[in-house]
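Shown next, in structure tokens, is the structure this report addresses.
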Amino acid sequence: AALKGGLRFQVSAALKEGHVTPTELCQRCLSLIKSTKFLNAYITVAEETALKQAEESETRYRRGQPLGVLDGIPIAVKDNFNTAGIETTCASNMLKGYISPYNATVVQKLLDQGAVLLGKTNLDEFAMGSGSTDGVFGPVRNPWSYSRQYREKSVPKSRSEDEESNWVITGGSSGGSAAAVSSFTCFAALGSDTGGSTRNPAAHCGVVGLKPTYGLISRHGLIPLVNSMDVPGILTRCVDDAAVVLGSLAGHDPKDSTTIQDNFKPFELPNLTDVSKLSIGIPKEYHAPGLSSEILALWSKAADLFKNAGAEVVEVSLPHTRYSIVCYHVLCTAEVASNMARFDGLEYGHRSDMNKSTESMYAATRREGFNDVVRGRILSGNYFLLKQNYENYFIKAQKVRRLIANDFVKVFGSGVDILLTPTTLSDAVPYMEFIKEDNRTRSAQDDILTQAANMAGLPAINVPTGLSERGLPVGLQFIGRSFQEKQLLTVAKWFEKQVKFPMIQLEVKRHDHSAFQHQKPVFFS
């Protein structure tokens, strides 16, 4: 029962009252990680470290001195956050075997609160992708592919097709973290969000995905993709839990000059009963090409839900949204080109045996260490940063980014409190269909509804809203004003209570891999 409960009122309370111990909770999660290994959600499982942390937590509970709500709670961390003593790979050959000498600030804050770190989760290589399919450790499988809800709706031509080609992607790039939370192997997980990499997989995996305001949470120790847009993301099974984790992570960090200077006061979300004073904006530009009729209908129903409850629902315009994905691509690749320059084979990470010259060693190292997607983005970024192209691409994109940010300022200045939009264009697609298109095309399609919030630095959250006709999760996105996370999460919590998203009924058929042969299916519902 503790596995399905909320952090503050169920799990933490159960730990305090002795109904379950941190060690038992940790062992249960580790057992689930093993039985769901075929999902490929984890790259590294730190079993020994986790059990040791759980024992230390148990000692604190016995003494009646827990460190807080997160003490003894099993969590997972995306494998692009540095973790002392645990390998950090970014799902790339470039960093295979790399062990950081320090913890990322967000990881350290979780450990300081007594959280139990189970392991590092899978992702697209260096977080470049929207499917969690392009990492060197293989693609992540969406737990809903093995849910009773999906299997009852999908009719495969044969059993072999069901096993091999009918599973759907998690979205990305934080797909491992989303799958880990969705499959009950942990209670919360860290992702990163540069253009939607937390909210996108959250929508596809039926979990809550929060991208906080840029600067609210430290990026120190997060291996950078796009410095001006990267934000550590939070994945949980309910909005209340996201607020709990946010309270532990937010605030100034002297190691990250972009964090806020003011102290952050953790908050407990109120139970909103009256939404009549709220103004909900519906941006017309988010009715984008390719938006499925199912999601459009769900979006309309959600707007009606607020309207019928007494909230003001108004159509608004963000006119520069149509330029945002192109603008994002230019700025993203330019910063990628700069950030990836550090991986040269000299100081850390992979180093080629090529020793003809320093230049040939550089070239061979990067050819062997990076996949085609990363190399392609580096080439694009360097092209945009060439002296003859800098003004026409990079500078122009920065100007458009300012216009996009100003659109949001104007809308929120007009009295709108929260924007309601779709998170994704459709539900999760089968893996075999997803890989028919290249990474750049897929990323452009999948980030179209999420990346504008990153360019404006605004907080945004995915809330699981319903199931598609295929029995797969669909989510909607709420975008708030800068540093108004409490209002954003309060509205998201109210909406979550209204829609009553169903819990996954996960069927783990252990014969999927040889390690699980001759064992009966296990049901978690």
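The values are calculated or read from the model by the stated rules, or taken from the named source; none is laboratory data. Treat the numbers as computed from the prediction; the structure is a model and nothing was measured. All Cβ positions, even for glycine, are placed from backbone atoms using ideal geometry, and neighbour counts span all protein chains on display. Ligands, DNA and RNA are stripped out before the accessible areas are found, and what is left, the full protein with its side chains, is counted by its heavy atoms. Shrake-Rupley method; radii C 1.70, N 1.55, O 1.52, S 1.80 Å.
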> When only alpha-carbon atoms count, how far does region 181-256 stretch along each of its three principal axes, as whole angstroms with the largest first?
Replying inline: 34, 23, 19
> Roughly how many whole Å is it from the C-alpha centroid of region 335-357 to that of region 189-207?
Replying inline: 29 Å
>> Can you tell me the length gained on complete extension of the stretch GLN484 to MET354, counting 0.36 nm per residue apart and subtracting the Cα distance?
In response: 41.6 nm
>> Can you compute the charge dipole magnitude of region 180-281 about its Cα centre, using +1 on each Lys and Arg Cβ and -1 on each Asp and Glu Cβ, nothing else charged? Give it in debye, rounded to the nearest 20.
In response: 140 debye
> Over region 281-362, what is the mean sequence separation of C-alpha contacts under 8 Å (at least six apart), divided by residue count, expressed as relative contact order in percent?
Replying inline: 27 percent
> What does the convex hull of the Cα atoms come to per residue for region 314-435, in Å³?
Replying inline: 172 Å³
>> Tell me whether region 367-504 comes out rounded, prolate or oblate; compute the Cα gyration tensor, take square roots of the eigenvalues as a ≥ b ≥ c, and use a/c under 1.5 as the rounded threshold.
In response: oblate
> For region 1-63, max minus min Cα coordinate along each principal axis, in Å, sorted largest first?
Replying inline: 37, 24, 14
> Stretch VAL326-ASN93 to full length: gain in nm at 0.36 nm per residue minus the Cα-Cα span?
Replying inline: 81.0 nm
>> Please compute the contact order of region 238-391 in relative form: average sequence separation of alpha-carbon pairs under 8 Å and at least six residues apart, divided by the residue count, as a percent.
In response: 17 percent
> Which value in Å does the Kirkwood hydrodynamic radius of region 290-344 take, with 1/r averaged over all unlike C-alpha pairs and then inverted?
Replying inline: 15.0 Å
>> Taking the full set of protein chains and a 1.4 angstrom probe, give the accessible area of VAL245 in square angstrom, rounded to the nearest 10.
In response: 10 Å²
>> Which log10 I(q)/I(0) values does region 72-159 give at q = 0.24, 0.26 Å⁻¹ under the Debye formula, counting every alpha carbon as one identical point scatterer?
In response: -1.13, -1.21
> Can you pull the semi-axes for region 239-357, root of five times each eigenvalue of the Cα gyration tensor, sorted largest first, whole Å?
Replying inline: 42, 26, 14
> So what does the Cα-only Debye profile of region 425-490 read at q = 0.11, 0.16, 0.23 Å⁻¹, as log10 I(q)/I(0), no solvent term?
Replying inline: -0.36, -0.69, -1.04
> How much FRET efficiency would the formula 1/(1 + (r/R0)^6) give for ILE395 and SER276, where r is the Cβ-Cβ distance and R0 is 41 Å, rounded to 0.05?
Replying inline: 0.35
>> Quick check: Cα centre of region 389-453 to Cα centre of region 57-91, how many Å?
In response: 33 Å
>> Would you work out the Kirkwood radius for the chain? I mean one over the mean of 1/r across all pairs of different Cα atoms, in Å.
In response: 23.2 Å
>> So with the 1.4 Å probe, I'd like the accessible area per residue for region 354-485, rounded to whole Å².
In response: 45 Å²
>> Given bins 10 angstrom wide, list per bin the percent of all Cα-Cα distances in region 360-426, short to long.
In response: 16, 24, 27, 23, 9, 2
> Where does region 1-137 land on Rg/Rh, using Cα atoms and the Kirkwood Rh?
Replying inline: 1.00
> Which whole number in µm²/s is D for region 138-278 by Stokes-Einstein, with the Kirkwood Rh taken over Cα pairs at 37 °C and 0.692 mPa s?
Replying inline: 196 µm²/s
> Of the beta bridges DSSP finds with both residues in region 209-315, what % are antiparallel, to the nearest 5?
Replying inline: 50 percent
>> Please identify the DSSP H helices in the chain that span no less than 18 Å along the helix axis (Cα) and have a mean Kyte-Doolittle hydropathy of -0.5 or more.
In response: 22-35, 293-308, 324-339, 372-385, 396-413, 485-499
>> Give me P(r) over region 250-315, computed from all C-alpha to C-alpha distances, binned every 10 Å, as integer percentages.
In response: 17, 27, 22, 28, 6
> How many percent of DSSP beta bridges within region 126-242 run antiparallel, rounded to 5?
Replying inline: 100 percent
>> Between GLU152 and GLU469, what is 0.36 nm times their sequence separation minus the Cα-Cα distance? Round to one decimal in nm.
In response: 113.0 nm
> Across 5 Å bins from the origin, how do the percents of Cα pairs in region 107-218 run, short distances first?
Replying inline: 2, 12, 20, 21, 20, 13, 6, 3, 2, 1, 0
> What range in the chain is the longest one free of GluC sites (Glu not before Pro) that are in a loop by DSSP and have at most 15 other Cβ atoms within 10 angstrom?
Replying inline: 1-267
> What are the trypsin sites (Lys or Arg not before Pro) within region 32-94 that DSSP puts in a loop, where the Cβ has at most 10 other Cβ atoms within 10 Å?
Replying inline: ARG63
>> Can you tell me what share of the DSSP beta bridges in the chain is antiparallel? A percent to the nearest 5 is fine.
In response: 70 percent
> Quick one: which of LYS37/LYS211; LYS307/LYS497; LYS301/LYS500; LYS284/LYS493; LYS277/LYS493; LYS78/LYS109 span more than 18 angstrom between C-alpha atoms?
Replying inline: LYS37/LYS211; LYS284/LYS493
> If contacts are Cα pairs under 8 angstrom and at least 6 residues apart, what is the relative contact order of region 324-390 in percent?
Replying inline: 42 percent
> Dipole of the chain, Cα-centred, from +1 at each Lys and Arg C-beta and -1 at each Asp and Glu C-beta, to the nearest 20 debye?
Replying inline: 280 debye
